[in-house]
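The values are calculated or read from the model by the stated rules, or taken from the named source; none is laboratory data. Note that the structure is a prediction, hence the values are computed from the model and not measured. Every residue, glycine among them, receives a Cβ derived from its backbone with ideal geometry; neighbour counts consider all protein chains shown.
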Amino acid sequence: MSTQITISELDLAYFHYIPNRPACYVGIAVFSILFILLNIRVLTSGYRWYVYLLPLTAAAEVVGFALRYICSKNPTTDVFTAMSILLLISANIMALVNYKAVGDVIQLSGVETRYYVIGPNFARNFYKTNLVASILQAVGGGLQASSGSRSTGFTLTIVGITIQLVFFAIFLVSVHYVNTCPDYRLHYNGQNHKRSVMRVMYITMALLFVRSLYRLANYVIVYNNFGEVHEWTFYVFDALLIAVCFLIHCIWFIGHYIPRGTLDIEGKGPDAIYITRSNV
């Protein structure tokens, strides 16, 4: 009995609530299914290398929920830290895929740089900010596991999420511009696939933005003792939103729309036509 009380106290110290173990099973099952579906999508269609990150991220979610279950039974600093990092950075990794996809559309359109951001280095610029945000969140998540460095950990995580939110917003504005500007096209094999790619970008990035807002609000509430946090909010505004993002990528798989390999490009801007020359 005393052991159970001790575990409950540790759970409250780490999670600020008592984790529901059956919910962990559901998380493991859902993301395992998504992992399988994404692998099928990647392996049975044309693709660019970066779409491999999607099933890898789903696998990270599976491991993260498994560690969440372990931590609910026997909370330790190492397990909690690993769990926090895996469940925290999934949005960052998925964002990398989206950055690269839009970057490919821009690059293949052969349009000069516009508004300092939308150009050949589009994906690279967002990668840099995403890396900074990811490092801050990962380090912050690790520091939160120790009572002595918890305050510093919360601060770093909050700063990391704030940076992420700012550039998610900039990315969404860029997506809207690329989607509505006729100079950008993804026209090959007789079809213009730009709007199909942009549809995935709009939906998934909007969901990731909401998820990051929840994460920020959650950390601010805990850090400033504004009130209690509840587990259901984690599953609704974090796990569910990430799962829906994966599902969107399964339904409208961007590997079908962005040509794989080397392309012959005829024309520029709205007149550009891309003909697949090599699939290596």
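Would segment 117-137 turn up any residue that is crowded, with 20+ Cβ neighbours inside 10 Å, at pLDDT below 80, closer than 19 Å to ARG211 by Cα and among the small types (Gly, Ala, Ser)?
Within segment 117-137, not a single residue is crowded, with 20+ Cβ neighbours inside 10 Å, at pLDDT below 80, closer than 19 Å to ARG211 by Cα and among the small types (Gly, Ala, Ser).
VAL62 - would you say it is within 16 Å of the chain's Cα centre (by Cα) and within 17 Å of PHE31 (Cα to Cα)? Spell out the reasoning first.
On the way: within 16 Å of the chain's Cα centre (by Cα): yes; within 17 Å of PHE31 (Cα to Cα): yes.
So VAL62 fits the description; yes.
Can you tell me which condition ILE163 does not meet? The list is (1) within 15 Å of GLN137 (Cβ to Cβ); (2) in contact with a strand residue (DSSP E or B) (Cβ under 9 Å, 6 or more places away or on another chain); (3) hydrophobic (A, V, I, L, M, F, W, C), and all the others hold.
(2)
So which residues in segment 162-211 are surrounded by 19 or more Cβ atoms within 10 Å (Cβ to Cβ) and among the charged types (D, E, K, R)?
Matches in segment 162-211: ARG185, LYS194, ARG211.
Only one residue in THR157, THR152 is under 16 Å from TYR214 (Cα atoms), β-branched (Val, Ile, Thr) and either surrounded by 18 or more Cβ atoms within 10 Å (Cβ to Cβ) or modelled with pLDDT of 80 or more (or both). Which one?
Working: THR152 fails: under 16 Å from TYR214 (Cα atoms).
Just a single option satisfies the conditions, and that option is THR157.
Here are some conditions: (1) buried (at least 22 other Cβ atoms within 10 Å of the Cβ); (2) more than 14 Å from the chain's Cα centre (by Cα); (3) of a type outside the set (Lys, Arg). LEU143 meets all but one. Which one does it not meet?
(1)
For segment 138-183, give me the residue count where each residue is in contact with a Ser or Thr (Cβ under 6 Å, 6 or more places away or on another chain), over 16 Å from ASN92 (Cα atoms) and part of a helix (DSSP H, G or I). Break it down stepwise before answering.
Restricting attention to segment 138-183, the residues satisfying the condition of being in contact with a Ser or Thr (Cβ under 6 Å, 6 or more places away or on another chain) are 140-143, 145, 161, 164-165, 167.
Those left that are additionally over 16 Å from ASN92 (Cα atoms): 142-143, 145.
Checking which are part of a helix (DSSP H, G or I) leaves us with 142-143.
Result for segment 138-183: 2.
Going by what's in this entry, would VAL30 be described as without any contact (Cβ under 8 Å) to a residue 24 or more places away in the chain, among the β-branched types (Val, Ile, Thr) and under 20 Å from LEU88 (Cβ atoms)? Quick ask: steps written out before the conclusion?
On the way: without any contact (Cβ under 8 Å) to a residue 24 or more places away in the chain: no; among the β-branched types (Val, Ile, Thr): yes; under 20 Å from LEU88 (Cβ atoms): yes.
No: the conditions fail for VAL30.
Only one of these conditions is not met by VAL63: (1) under 13 Å from ILE242 (Cβ atoms); (2) out of contact with any Pro (no Cβ under 9 Å at 6 or more places or on another chain). Which number is it?
Among (1) under 13 Å from ILE242 (Cβ atoms); (2) out of contact with any Pro (no Cβ under 9 Å at 6 or more places or on another chain), VAL63 violates only (1).
Scanning segment 1-17 for residues that are of a type in the set (Ser, Thr, Tyr) and either assigned to a helix (DSSP H, G or I) or at pLDDT 90 or above (or both), which turns out farthest from ASP238 (Cα to Cα)?
Quick first cut of segment 1-17, residues of a type in the set (Ser, Thr, Tyr) only: 2-3, 6, 8, 14, 17.
Still in the running and either assigned to a helix (DSSP H, G or I) or at pLDDT 90 or above (or both): 2-3, 6, 8, 14.
Values: SER2: 33, THR3: 31, THR6: 28, SER8: 23, TYR14: 18 Å.
Checked segment 1-17; the qualifying residue farthest from ASP238 (Cα to Cα) is SER2.
State whether one or more residues within segment 196-210 are basic (Lys, Arg), part of a helix (DSSP H, G or I) and touching a helix residue (DSSP H, G or I) at 6+ places or on another chain (Cβ under 7 Å).
Pass one, segment 196-210, residues basic (Lys, Arg): 199.
Within this subset, residues satisfying the condition of being part of a helix (DSSP H, G or I) are 199.
Narrowing further to those that are touching a helix residue (DSSP H, G or I) at 6+ places or on another chain (Cβ under 7 Å): none.
For segment 196-210, residues basic (Lys, Arg), part of a helix (DSSP H, G or I) and touching a helix residue (DSSP H, G or I) at 6+ places or on another chain (Cβ under 7 Å): absent.
Residue check, GLY27 against (1) in contact with an Asp or Glu (Cβ under 8 Å, 6 or more places away or on another chain); (2) modelled with pLDDT under 95; (3) within 26 Å of VAL229 (Cβ to Cβ), all met but one. Which one?
Here GLY27 meets the rest and fails (2).
So that you can scan it fast, the table gives a plain yes or no per residue for (1) of a type in the set (Ser, Thr, Tyr); (2) more than 17 Å from the chain's Cα centre (by Cα); (3) in a helix (DSSP H, G or I); (4) buried (at least 20 other Cβ atoms within 10 Å of the Cβ):
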{"site": "PRO19", "(1), (2), (3), (4)": "no, yes, no, no"}
{"site": "ILE33", "(1), (2), (3), (4)": "no, yes, yes, no"}
{"site": "SER45", "(1), (2), (3), (4)": "yes, yes, no, no"}
{"site": "ILE70", "(1), (2), (3), (4)": "no, yes, yes, no"}
